[in-house]
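Here's the structure we're looking at; comments come further down.
Every read-out reported here was derived from the displayed coordinates using simple, explicitly stated rules and does not represent laboratory data. In this text, all values refer to a predicted model and were calculated from it rather than measured experimentally. Heads up, the Cβs are rebuilt from the backbone with ideal geometry, glycines too, and the neighbour counts pull from every protein chain shown.
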Amino acid sequence: MKILLHICCAPCLIYPLERMRELGIEASGVFYNPNIHGALEYGARRKCLEAYSGPRGLEVEYPEYAPQEFFAEVKHGGTSSRCAACWLLRMRFTARMARSRGMDAFSSTLLVSPYQNHELLKAAAGQAAEEEKVDFYYEDFRPGFRGARRRAREDGLYLQKYCGCVYSETERYHAKIKPAAPERSGITS
């Protein structure tokens with residue numbers, strides 16, 4: 001079986017790639033993540049993936065970084081609808097690419113994270129699969145998450161602290177950046 005694997009980052013690739021290879025699945029990857037906020041953050045994640053995938057013989061395609069595609073999809077939603085729109089955007093792209101490459105199915109490393117809503121993610125992937133007429137390979141990779149994170153730390157891989165989008169980054173760090181009460185200067189107007 002040939003699968004195109006959507007890859008969100010190198011640490012999340014560790015377990016799904018090993019698992020697929022154990023099962024005899026021939027995987028190749030695509031790093032399509034227009035949700036990642038900031039070109040520097042995007043570059044750090046891509047560089048880490050290139051360093052990880054190369055020695056493991058995993059072929060990965062890197063479409064042009066286009067954050068405007070993400071913003072166009074999520075501009076009117078709250079957190080759950082924003083995440084669903086983001087997943088659908090990335091799953092559609094991956095499904096379309098899998099079909100055009102003659103792959104049997106597509107999947108995503110997002111399925112390793114206990115922080116992702118699997119039901120919404122599966123629904124987005126199912127919709128993309130139906131639209132593009134290609135199968136979606138679902139496996140709950142979450143049991144491998146903790147071990148993969150430990151190995152990523154041991155290997156010195158870049159470990160981000162939020163999903164990638166500006167909204168997630170803001171939610172993650174909001175408490176740390178609340179402004180302090182203004183100082184009184186003694187100057188009156």
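Have a look at Arg82, Arg96 and point out the one that is part of a helix (DSSP H, G or I), closer than 21 Å to Glu139 by Cα, touching a residue at least 12 places away in the same chain (Cβ under 8 Å) and of a type outside the set (A, V, I, L, M, F, W, C). Show your work before the answer.
Details: Arg82 fails: closer than 21 Å to Glu139 by Cα.
That would be Arg96, the only listed residue that is part of a helix (DSSP H, G or I), closer than 21 Å to Glu139 by Cα, touching a residue at least 12 places away in the same chain (Cβ under 8 Å) and of a type outside the set (A, V, I, L, M, F, W, C).
If a residue has to be outside any helix (DSSP H, G or I), hydrophobic (A, V, I, L, M, F, W, C) and within 15 Å of Phe31 (Cα to Cα) to count, how many in segment 99-124 make the cut?
Initial filter on segment 99-124 (outside any helix (DSSP H, G or I)): 101-108, 113-117.
Filter once more, so that each one left must be hydrophobic (A, V, I, L, M, F, W, C): 103, 105-106.
Right, trim to within 15 Å of Phe31 (Cα to Cα) and you get 106.
Of the residues in segment 99-124, 1 are outside any helix (DSSP H, G or I), hydrophobic (A, V, I, L, M, F, W, C) and within 15 Å of Phe31 (Cα to Cα).
Could you figure out which of (1) surrounded by fewer than 20 Cβ atoms within 10 Å (Cβ to Cβ); (2) more than 21 Å from Asp155 (Cβ to Cβ); (3) among the charged types (D, E, K, R) isn't true of Glu59?
(2)
Taking the condition of being in a strand (DSSP E or B), among the small types (Gly, Ala, Ser) and within 12 Å of Ala10 (Cα to Cα), how many residues in segment 26-48 meet it? Reasoning before the result, please.
As a first pass, look at segment 26-48 and keep what is in a strand (DSSP E or B): 26-30.
From the residues that got through so far, the ones that are among the small types (Gly, Ala, Ser) too are 27-29.
Now narrow it down to the ones that are within 12 Å of Ala10 (Cα to Cα): 29.
Of the residues in segment 26-48, 1 are in a strand (DSSP E or B), among the small types (Gly, Ala, Ser) and within 12 Å of Ala10 (Cα to Cα).
Name the one entry in Glu64, Glu69, Glu73 that is touching a Leu at 6+ places or on another chain (Cβ under 9 Å) and without any contact (Cβ under 8 Å) to a residue 24 or more places away in the chain. If you could, list the steps in order and put the result at the bottom.
Values: Glu64 fails: touching a Leu at 6+ places or on another chain (Cβ under 9 Å); Glu69 fails: without any contact (Cβ under 8 Å) to a residue 24 or more places away in the chain.
It is Glu73.
Has segment 127-145 got any residue that is within 11 Å of Trp87 (Cβ to Cβ) and either in a loop (DSSP other than H, G, I, E, B) or of a type outside the set (A, V, I, L, M) (or both)? Break it down into steps so the answer makes sense when it comes.
Going residue by residue through segment 127-145, those that are within 11 Å of Trp87 (Cβ to Cβ) are 127-128.
Next, from what is left, pick out any that are either in a loop (DSSP other than H, G, I, E, B) or of a type outside the set (A, V, I, L, M) (or both): 127.
The answer is yes; a qualifying residue exists.
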